[in-house]
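Asker: First the structure, then my questions, so here it is.
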Amino acid sequence: MRIAFYAPLKSPDYQIPSGDRQIARLFFAALRLAGHEPRLVSRFRSHDGGGDLVRQARLARLGKQLARRLADGFLQAPQTGPELWFSYHLYHKAPDWLGPTVADALGIPYVVAEASLSPRQALGPWALGHHAVENAVSRADAVIGLNSADRECISPLLRHPSTWVSFKPFLDAAAYGGGVRPRSVSPRLIVVAMMRYGDKLASYRVLGDALALLLDLPWSLEVVGDGPARGDVERVLSVAQERIVWTGSLADEAVAGRLCGADICVWPAVNEAFGMALLEAQASGLPVVAGASGGVAEIVESGATGLLVAPGDPAAFAAAIRILMLDRSRRVAFGRAARERVLVEHDLSTAARRLGVVIDALTRRQMAGSILQL
């Protein structure tokens with residue numbers, strides 16, 4: 001099936017690395033692995049991070065114009081146009097102004113992956129985007145949810161309860177090694193995260209406070225990531241500056257290599273949706289210590305593949321790290337279980353099969369509707 005692929009926040013080839021870009025790429029790959037023909041049909045970015053009403057109105061206007069042009073072009077070449085539209089990651093700051101219009105014009109299924117709604121935005125500075133997401137979700141033939149926390153606000157808008165399709169976050173496990181780690185003199189901690197203001201910096205702040213409680217033990221920390229809040233991150237981690245190696249941003253292959261050289265992945269995950277870096281660490285055979293925010297508990301099984309603590313609690317976070325630093329056999333067992341769980345439940349091949357089932361069901365429904373109309 002020919003599939004129009006679009007990501008209003010960050011397209012798969014967006015220039016700045018991020019979890020959003022990575023997941024967009026993974027969905028694109030999963031569609032291809034499922035035997036379909038995805039094509040990136042637009043790089044139009046609808047994102048407004050500042051609550052600028054004028055900018056949002058302009059983006060909405062441009063998006064609607066672009067949608068009409070796309071629809072007209074596809075209608076003129078129906079043999080090569082899309083048979084399904086797939087949009088990844090809709091929320092009030094980055095709504096989908098393209099998909100619903102094009103899908104309606106072509107009479108094709110409209111699929112959304114990872115849509116989120118916050119009722120408090122209905123009257124706020126992003127009200128325009130909020131209502132656009134509501135309209136998109138109401139139009140969607142399937143809404144793929146990677147985070148169960150999104151379901152409560154999405155469900156009232158769905159055409160039918162079955163429109164929501166629960167999906168486990170996934171990655172290409174083959175890109176990460178899960179071999180036996182050499183014994184090290186002291187545990188090697190690692191964190192992989194962008195350095196942005198807001199929740200990311202808040203997570204780094206919790207990490208810094210936790211590390212201050214662990215200075216009586218030997219350990220080192222590798223920080224993989226960079227961003228506008230780099231100076232503030234260095235400040236909040238300064239208590240352990242002699243033990244930290246700063247790598248900056250790395251390519252995906254290099255990140256996988258750094259994970260293979262570590263012993264424990266640590267990330268407080270303040271207001272984290274689920275945390276792709278935590279999934280990458282587990283795919284690499286690493287145990288995880290994280291805050292139990294959002295959907296983190298859906299990818300990290302506390303007591304089996306890692307340890308989860310209450311979000312924003314430095315003392316609890318430090319205590320969990322201490323447990324794994326002092327018990328090598330336990331962290332090795334957690335790491336093995338983590339790798340196995342990713343291979344079984346979170347691998348790209350599993351996601352591709354699941355996507356294939358969803359799209360096949362929509363295709364059958366589409367064909368049945370066409371027959372009834374005849």
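The values are calculated or read from the model by the stated rules, or taken from the named source; none is laboratory data. Model, not experiment: these values are computed from the prediction. Backbone-built Cβ (ideal geometry, glycine too); neighbour counts: all protein chains shown.
Asker: Just to be sure, is ALA94 modelled with pLDDT of 95 or more and in contact with a Lys or Arg (Cβ under 8 Å, 6 or more places away or on another chain)?
Answerer: yes
Asker: Looking at the structure I just gave you, is ALA67 crowded, with 21+ Cβ neighbours inside 10 Å and free of Cβ contacts under 8 Å to residues at least 40 places away in the same chain?
Answerer: yes
Asker: Also: Would you confirm, using the coordinates I've provided, whether GLY275 is touching a helix residue (DSSP H, G or I) at 6+ places or on another chain (Cβ under 9 Å) and in contact (Cβ under 8 Å) with a residue 24 or more places away in the chain?
Answerer: So GLY275 passes the test.
For every residue, the table says whether it meets (1) under 17 Å from VAL358 (Cβ atoms); (2) not charged (D, E, K, R).
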residue	(1), (2)
PHE74	no, yes
PRO82	yes, yes
LYS93	no, no
TRP97	no, yes
VAL102	no, yes
ILE108	yes, yes
ALA115	yes, yes
LEU123	no, yes
LEU128	no, yes
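Asker: Looking at the stretch 209-238, which of its residues are surrounded by fewer than 17 Cβ atoms within 10 Å (Cβ to Cβ) and within 19 Å of ARG322 (Cβ to Cβ)?
Answerer: Listed by number, the residues that qualify are ALA212, LEU213, LEU215, ASP216, LEU217, PRO218.
Asker: Take GLU280 and decide whether it is assigned by TED's automatic domain parsing to the domain that holds VAL185, at pLDDT below 95 and among the charged types (D, E, K, R).
Answerer: It is false that GLU280 is assigned by TED's automatic domain parsing to the domain that holds VAL185, at pLDDT below 95 and among the charged types (D, E, K, R).
Asker: To continue, here is another question. In the stretch 213-260, which residues are in a loop (DSSP other than H, G, I, E, B) and over 24 Å from the mean Cα position of the chain (by Cα)?
Answerer: If the condition is that a residue be in a loop (DSSP other than H, G, I, E, B) and over 24 Å from the mean Cα position of the chain (by Cα), then LEU213, LEU214, LEU215, ASP216, LEU217, PRO218, TRP219, LEU237 are the ones that fit.
Asker: Return the pair list, or none, for Cβ contacts closer than 7 Å from residues in the stretch 96-115 that are free of Cβ contacts under 8 Å to residues at least 60 places away in the same chain and of a type in the set (Ser, Thr, Tyr) to residues that are assigned to a loop (DSSP other than H, G, I, E, B) and surrounded by fewer than 24 Cβ atoms within 10 Å (Cβ to Cβ), at least 6 apart or on different chains.
Answerer: Qualifying pairs under 7 Å: TYR110/ASP141.
Asker: Run GLY50 past the list (1) out of contact with any helix residue (DSSP H, G or I) (no Cβ under 6 Å at 6 or more places or on another chain); (2) more than 28 Å from ALA277 (Cα to Cα) and report the number of the one that doesn't hold.
Answerer: (2)
Asker: Further question: Mind listing just one residue for me: the one in the stretch 118-169 that is of a type in the set (A, V, I, L, M) and in a loop (DSSP other than H, G, I, E, B) and, of those, surrounded by the most Cβ atoms within 10 Å (Cβ to Cβ)?
Answerer: Filtering the stretch 118-169 for residues that are of a type in the set (A, V, I, L, M) and in a loop (DSSP other than H, G, I, E, B), the one surrounded by the most Cβ atoms within 10 Å (Cβ to Cβ) comes out as ALA140.
Asker: So which residues in the stretch 116-144 are at pLDDT below 95 and either not polar (S, T, N, Q) or not assigned by TED's automatic domain parsing to the domain that holds PRO38 (or both)?
Answerer: LEU117, PRO119, ARG120, ALA122, LEU123, GLY124
Asker: While we're on this one: Assess whether ASP209 counts as being more than 16 Å from GLY19 (Cβ to Cβ), among the charged types (D, E, K, R), touching a residue at least 24 places away in the same chain (Cβ under 8 Å) and touching a Leu at 6+ places or on another chain (Cβ under 7 Å).
Answerer: Judged against the criteria, ASP209 is not a match.
Asker: Identify, please: which residue in the stretch 298-318 is under 13 Å from ARG341 (Cβ atoms) and either surrounded by fewer than 21 Cβ atoms within 10 Å (Cβ to Cβ) or among the aromatic types (Phe, Trp, Tyr) (or both) and is, among those, modelled with the lowest pLDDT?
Answerer: If we take residues in the stretch 298-318 being under 13 Å from ARG341 (Cβ atoms) and either surrounded by fewer than 21 Cβ atoms within 10 Å (Cβ to Cβ) or among the aromatic types (Phe, Trp, Tyr) (or both), then GLU298 is modelled with the lowest pLDDT.
Asker: Then there is this: What are the pairs, 6+ residues apart or on separate chains, where a residue within the stretch 119-147 that is without any contact (Cβ under 8 Å) to a residue 24 or more places away in the chain and over 17 Å from HIS47 (Cα atoms) has its Cβ under 7 Å from a residue that is outside any loop (DSSP other than H, G, I, E, B) and aliphatic (A, V, I, L, M)?
Answerer: Note: pairs meeting the criteria are SER138/LEU157.
Asker: In the stretch 215-237, what residues are touching a strand residue (DSSP E or B) at 6+ places or on another chain (Cβ under 9 Å) and over 18 Å from GLY248 (Cβ atoms)?
Answerer: Once the filter is applied, which keeps residues that are touching a strand residue (DSSP E or B) at 6+ places or on another chain (Cβ under 9 Å) and over 18 Å from GLY248 (Cβ atoms), the stretch 215-237 yields only TRP219.
Asker: For the stretch 1-28, how many residues are within 25 Å of ALA251 (Cβ to Cβ), among the small types (Gly, Ala, Ser), crowded, with 18+ Cβ neighbours inside 10 Å and touching a residue at least 60 places away in the same chain (Cβ under 8 Å)?
Answerer: The number of residues fulfilling the criteria is 3.
Asker: Identify, from the list GLY198, GLY261, GLY257, GLY295, the residue that is on the phi > 0 side of the Ramachandran plot and not aliphatic (A, V, I, L, M).
Answerer: GLY198
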